[in-house]
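Here's the structure, in structure tokens; my notes come after.
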Amino acid sequence: MKQIIQQIFRSGKFIVGFSIFTTILLVVIVYPLLIPDPPLNIIGQGTFFEPGIYVSVFDSISSPQYTLNLDEAAAKRIASKLGEEDRLAIKEWLIASGIPEGEIEIENTEKLLDQWFENYDPAKNIPGMTNAKRNYFIRLNKAITGLLSDEGMSITVKNAETGVLEEKGTIVPSAYVNVNEVPNVRVLPLGTDNFGRDVLTELVAATRVSLQIGFVAGIIATLIGLTLGLLSGYVGGVVDDVIMFITNLFIVIPSFVLLILISFSIGQDQRGAFTIAMVIGFTSWVWTARAVRSQVISLRNRDHVNLSKLSGHSVVHIILTDILPYIASYVVMALILQISSGILAEAGLSILGLGPRTTEVPTLGLMMNWAMIYQAHILGKWWAYFPVIITIALITFSMNLMNTGLDQVFNPALRD
Amino acid sequence: MAVDYIYVEVILRAYRKYFLNKFLWFLVTLVSAFLLNFILPRLMPGDPVAAIVSRLAQGMSNTSGIQAIYEQYTELFGTNKPLLEQFVIYVKNVVQGDFGFSFSQYPRTVADVIKSSIWWTIALQFPAIIVGWLIGNSLGALAAYLRGSFDKVFMPISIFASNLPAFGMAVILMVVFAVTLKWFPTSGGYGFDLIPNFSWKFIWSVIVHYQLPFWSIVLITIGGQAIGMRSMSIYELNADYVKYSRFMGIKDRKIVSYVFRNAMLPQITGLALSIGTMVGGALVAEIIFSYPGLGSTILTAVLGQDYPLISAATLIITIMVLSANFLIEIVYGFLDPRIKAVQAD
């Protein structure tokens, strides 16, 4: 046993797969200990907040202020306020004022603003300009000048009795706060989803649930497949015929059709993550049964099995001691594949809207389903779906690598 | 001459036996699929019609339709009759193509909804799976034959690609080529401003919309097939007949064609056995692109709690998969020399 394990850990593919898988497992276990928020907590009012560090505005105002005189500050402020549309509008004005198009760089904020202040004149009328457009330019000019001014903003508080605004202080453009001193700062490494949930927390919880679904489905499928395969291969005769008939039937009848029918029949209210796992397990045992059967048939007439039979051991005893150990490696490999295909099956079902009911736990498939329904992929909200795809791919990839590695250890013919 | 004639006779008999066998199996699986489609929803606790109608209220807004559907559906389901009679009614309706009204798209009938979506699925999936299978097998055989750096670069990519779920590949292709580069449209089977007709504009729109769903299925298929073909070919390349042929001085190209043919046979069986899974993955990919095929139909049916539509769609998909399976078995029969050999002995 020890030697086999040593041999397995000498296989490069297995080690890579094993490391990826263990990392995922560790994250799933450790992350909730560090950040114990409930994963389905809706924290964001609105959909799809971008990944980033969110600093409380309210707390920043009352935090200690420091003055930093940075040259770039004003330019950066304007650069971030000027959208693509504003820049194009400025360009339009400049061209109308007779500046050659080649000299206008809309990405160079500083130069663009210089040109703007030189050429802008509210009284000037460009032929064909609507009144709305003229007002827009006036507003734009005001906004830019406002941003450039050194005057601060004042903080006012409404007096509870008189309703009059009272000035509490001013904030000058050169005032800074230290993020460490702001009591409320929330890091959202993957932003929020369509419901306003923290995607990273949700993703970790979803990975855990999906792995559990995979494990339950895989173990059920492997147990059924193993039992039927052993019975059919070892007992033979009519039992074999009946089992193989059923197995071959379910190999050609697509299992996802059964999944859809059963999941739909169960109904939304009854579908928990565990139920879905069981349904997947009950519909995906066929390959294991077939493979175990063929292995058992090749073992059935080996000398040690015949010897055991002659010694009068019971069928159960022979299966447990003379057959199972020989196919154990195979069964483990089948289990690994079942787990990864179980995770994929859940994801597929959830995208069809037949996944676990949505109020309790997230799963990878459900997250994908939500992202697709809210069109995250078309809106360019990559953080809502891309990490999910990568997680699914990493789980299945790592399991397949482990499987290939094991295969090469146990089947010398496949070694390179 | 006489000997030749007898030989031909024996071979024909062998083929007849093989095809008859496969055809019987096709019928058996078909009947079983019918049975499952009939029984599974009836395993629901309680009265299925009542359960369906209680969901109906949530799924449908047309109140005049609810009554009509309820009556028709009670008759269709016939829950008050014995199970055997229910089954006879069910089979009779299915054979006549009568699946009742669709709940979510009332007053369209289920047959009508299926009819308008099935061709999209067939035209998308089967070419894509076949093309992916051909490219995958060629690349896999090439990797086994060339080895070296081609193999080293190609294999990890195929392993990763084959582990990507079909919907993942679909989303990635869509984000890259439709959303970012804007080379292709993001969704649908044709431009939303067009009405299906035989104009160049419409056909071109269909072709453009076809590309991304097609290639996402092809790419997924390539990965899995290439891996299988590569290990099959490596196994065959080490076989004794290859070494013997080399000793005999037979040309490399000839040997490769032997190897390819032998490695191909298990791959054809593999295609027959996994076509169901592939179709399942491709249906989900269809949903990502809102392609107007059966995948999207199932999604709308699930969202609208449209039981008759789901039942019919899954039955149609099963029949499609079983037929494809049967066709592959027939092709296999012509390709595998052992069928002749074994039976003629």
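The values are calculated or read from the model by the stated rules, or taken from the named source; none is laboratory data. On a predicted model such as this, the values are computed, not experimentally measured, just so you know. With ideal geometry, Cβ positions are generated from the backbone for all residues, glycine too; neighbour counts draw on all protein chains shown.
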Query - Single residue of the stretch B:118-140 satisfying the filter (crowded, with 24+ Cβ neighbours inside 10 Å and under 26 Å from A:Val16 (Cβ atoms)) that is farthest from the other protein chains (Cβ to nearest Cβ) - result: B:Gly136
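Here is a yes/no grid of residues against (1) of a type in the set (A, V, I, L, M, F, W, C); (2) buried (at least 23 other Cβ atoms within 10 Å of the Cβ); (3) out of contact with any Ser or Thr (no Cβ under 6 Å at 6 or more places or on another chain); (4) within 23 Å of B:Ile310 (Cβ to Cβ):
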| site | (1), (2), (3), (4) |
| --- | --- |
| A:Val315 | yes, no, yes, no |
| A:Asp322 | no, no, no, no |
| A:Ile343 | yes, yes, no, no |
| A:Leu364 | yes, yes, no, no |
Report task. Just need a number here: residues in the stretch B:134-166 that are assigned to a loop (DSSP other than H, G, I, E, B) and at pLDDT 80 or above. Result -> 2
Report task. Test A:Ile43 against the stated conditions and say whether it is surrounded by 11 or more Cβ atoms within 10 Å (Cβ to Cβ), among the aliphatic types (A, V, I, L, M) and closer than 19 Å to A:Asn184 by Cβ. Result -> yes
Query raised in the report: Does A:Ser174 meet the test of being within 14 Å of another protein chain (Cβ to nearest Cβ) and either free of Cβ contacts under 8 Å to residues at least 60 places away in the same chain or more than 23 Å from the chain's Cα centre (by Cα) (or both)?
Result: no
Query raised in the report: Filter the stretch A:133-178 for residues that are in a loop (DSSP other than H, G, I, E, B) and β-branched (Val, Ile, Thr); which is surrounded by the most Cβ atoms within 10 Å (Cβ to Cβ)?
Result: A:Val177
Requested in this report: Output yes when any residue across the stretch B:138-153 is over 20 Å from B:Val259 (Cα atoms) and touching a Leu at 6+ places or on another chain (Cβ under 9 Å), and no when none is.
Outcome: no
Report task. From (1) of a type outside the set (Lys, Arg); (2) in the same structural domain as A:Asn178 (by TED's automatic domain parsing); (3) within 43 Å of the chain's Cα centre (by Cα), pick out the condition that doesn't hold for A:Ala160. Result -> (3)
Query raised in the report: Among helices (runs of 4 or more DSSP H) lying entirely in the stretch A:289-358, which contain 2 or more residues that are over 27 Å from A:Val388 (Cβ atoms), within 14 Å of another protein chain (Cβ to nearest Cβ) and touching a helix residue (DSSP H, G or I) at 6+ places or on another chain (Cβ under 9 Å)?
Result: none
Query raised in the report: (1) free of Cβ contacts under 8 Å to residues at least 12 places away in the same chain; (2) within 30 Å of A:Ile253 (Cα to Cα); (3) not hydroxyl-bearing (Ser, Thr, Tyr): which one isn't true of B:Gly270, the others all being true?
Result: (1)
**Report entry** Members of the stretch A:257-305 found to be at pLDDT 85 or above and among the aromatic types (Phe, Trp, Tyr), listed by number
**Finding:** A:Phe274, A:Phe282, A:Trp285, A:Trp287
Query - Spans of helices (runs of 4 or more DSSP H) in the stretch B:36-131 with at least 2 residues at pLDDT below 70 - result: B:48-59, B:63-77
Report summary line: When (1) in a helix (DSSP H, G or I); (2) at the interface with chain A (Cβ under 10 Å from one of its Cβ atoms); (3) more than 20 Å from the chain's Cα centre (by Cα) are applied to B:Ser187, the one that fails is (1)
Requested in this report: For A:Gly44, indicate whether it is out of contact with any helix residue (DSSP H, G or I) (no Cβ under 7 Å at 6 or more places or on another chain) and under 26 Å from A:Leu394 (Cβ atoms).
Outcome: no
Query raised in the report: In the set B:Gly304, B:Gly276, which member is touching a residue at least 40 places away in the same chain (Cβ under 8 Å) and within 9 Å of chain A (Cβ to nearest Cβ)?
Result: B:Gly276
Query - Hits in the stretch B:167-199 (condition: surrounded by fewer than 19 Cβ atoms within 10 Å (Cβ to Cβ) and at pLDDT below 80) - result: B:Thr186, B:Gly188, B:Gly191, B:Phe192, B:Asp193, B:Leu194, B:Ile195, B:Pro196, B:Asn197, B:Phe198, B:Ser199
Query - Condition met for A:Ile389 (of a type outside the set (Gly, Ala, Ser) and at the interface with chain B (Cβ under 8 Å from one of its Cβ atoms)) - result: yes
Query raised in the report: Which numbered condition trips up A:Asn369, out of (1) at pLDDT 90 or above; (2) within 28 Å of A:Ser265 (Cβ to Cβ)?
Result: (1)
Query raised in the report: If you go through the stretch B:194-233, how many residues are over 27 Å from A:Asn403 (Cβ atoms), of a type outside the set (Phe, Trp, Tyr) and assigned to a helix (DSSP H, G or I)?
Result: 10
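One line per residue, one yes/no per condition, for (1) out of contact with any helix residue (DSSP H, G or I) (no Cβ under 7 Å at 6 or more places or on another chain); (2) over 29 Å from B:Gly295 (Cβ atoms); (3) of a type outside the set (Asp, Glu):
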| position | (1), (2), (3) |
| --- | --- |
| A:Leu165 | yes, yes, yes |
| A:Tyr176 | yes, yes, yes |
| A:Val182 | no, yes, yes |
| A:Asp198 | yes, yes, no |
| A:Ala205 | yes, no, yes |
| A:Val209 | no, no, yes |
| A:Leu231 | no, yes, yes |
